[in-house]
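Take a look at the structure set out below.
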Amino acid sequence: MTDITADELKDRLAQGTAPVIIDVRETWENEESRIDGSRNIPLGELPGKVEELEDLRDQEVVVHCKGGSRSATAKAFLQQQGFTQVRNLIGGIQGYQKA
C-alpha cells in the first residue's frame with residue numbers, strides 16, 4: 001500500500017474514517033505528543049506484540065514515528081508478518097504537526 005500524507009490522515013480523522021494508527025516511538029516520546037486515537041507500541045516491542053494485532057491483519061493500519069524511519073521499518077516488518085494494508089505516515093509526527 002502507498003504511504004499516507006499528514007493532510008490525508010488529518011482529513012480522515014476529521015471525517016471519522018481514520019485507520020488504526022500505531023505510534024512506534026518510545027513511550028516517553030508518545031507522552032510528549034501524540035495523535036489522538038493512536039496506540040503506542042515502541043518499535044523494539046513490536047515483534048512481541050504481533051499476536052495482539054492479529055485482528056488488524058487485513059485492516060488499514062498507519063504506522064508513524066518522529067520522522068518516518070522507524071515506522072518504515074515497522075511497515076516492512078508488519079508486511080513480512082502478513083499484514084496487507086500497512087501505510088507509513090510520511091514525515092512522521094513532525095510532518096503531522098506542521099500540516
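Quick rundown of the values:
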item: Residues of region 36-51 satisfying the condition of being within 20 Å of Ala99 (Cα to Cα) and surrounded by 13 or more Cβ atoms within 10 Å (Cβ to Cβ); result: Ser38
item: Selected residue (criterion: most open to solvent (accessible area, probe 1.4 Å)) from residues of region 1-23 that are part of a strand (DSSP E or B) and not charged (D, E, K, R); result: Val20
item: Unique match (being over 14 Å from the mean Cα position of the chain (by Cα) and of a type outside the set (Asp, Glu)) among Thr5, Thr17, Thr73; result: Thr17
item: Residue match in region 50-64 (condition: under 17 Å from Leu13 (Cβ atoms) and out of contact with any helix residue (DSSP H, G or I) (no Cβ under 8 Å at 6 or more places or on another chain)); result: yes
item: Hits in region 53-99 - residues which are of a type in the set (Gly, Ala, Ser) and touching a His at 6+ places or on another chain (Cβ under 6 Å); result: Ser71, Gly92
item: Those residues of region 72-90 which are touching a Ser or Thr at 6+ places or on another chain (Cβ under 8 Å), open to solvent by 10 Å² or more (accessible area, probe 1.4 Å) and farther than 16 Å from Leu46 by Cα, in sequence order; result: Ile90
item: Options Ala99, Ala76; residue that is without any contact (Cβ under 8 Å) to a residue 24 or more places away in the chain, more than 14 Å from Asp23 (Cβ to Cβ) and among the hydrophobic types (A, V, I, L, M, F, W, C); result: Ala76
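Yes/no matrix, rows are residues, columns are (1) assigned to a helix (DSSP H, G or I); (2) modelled with pLDDT of 95 or more; (3) open to solvent by 40 Å² or more (accessible area, probe 1.4 Å); (4) in contact with a Gly (Cβ under 6 Å, 6 or more places away or on another chain):
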position	(1), (2), (3), (4)
Arg25	no, yes, no, no
Arg34	no, yes, yes, no
Leu53	yes, yes, no, no
Val63	no, yes, no, no
Arg70	yes, yes, yes, no
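The values are calculated or read from the model by the stated rules, or taken from the named source; none is laboratory data. Every value quoted in this text rests on a predicted model; they were computed, and no experiment measured them. Cβ: placed from backbone, ideal geometry, glycine included. Neighbour counts: every protein chain shown. Accessible surface is based on the protein model in full, side chains and every heavy atom, while ligands, DNA and RNA are left aside. Shrake-Rupley method; radii C 1.70, N 1.55, O 1.52, S 1.80 Å.
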